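Just so it is clear, none of the values below were taken in a lab; they were calculated from the coordinates. Being a predicted model, the structure only gives us computed values, none of them experimental. Glycine also receives a Cβ, built like all others from the backbone with ideal geometry; neighbour counts cover every protein chain displayed.
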Amino acid sequence: MSTFEINREKCLRCGGCVGVCPVNALELTENGVKIDEDECIECGNCESICPVGAITVGDKK
Ligand code: SF4
Ligand code: SF4
């Protein structure tokens, strides 16, 4: 189970996270960033790049 969380109130919809996801699990939609939790490998790239800290990625282990 993915522990990916996104704070939609903080998100600026800049699209930065979408570009750094190695498995293309993120998508920028009109309702904000959408994640495919089945694809996410919890690498943390999106969490690192987000300028407003809207993303929290947990650890699968
Ligand atoms: S943690 Fe990694 S794999 Fe998961 S959505 Fe973020 S960039 Fe993609
Ligand atoms: S990087 Fe952060 S602010 Fe930008 S679209 Fe992703 S979650 Fe939103």
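Quick look at the values:
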{"item": "Residue-by-residue Karplus 3J(HN,Hα) for the stretch 7-24, coefficients 6.51, -1.76, 1.60, Hz, glycine and proline x", "result": "8, 5, 6, 7, 4, 9, 6, 6, x, x, 5, 4, x, 9, 6, x, 10, 6"}
{"item": "Cα centre as origin, Lys/Arg/Asp/Glu Cβ charges: the stretch 5-56 dipole, Debye", "result": "320 debye"}
{"item": "Selection from Gly15, Leu28, Gly58, by position along the positive dipole direction of the chain (Cβ)", "result": "Gly15"}
{"item": "Prolate/oblate/rounded label for the stretch 11-59 (Cα gyration tensor, a/c 1.5)", "result": "oblate"}
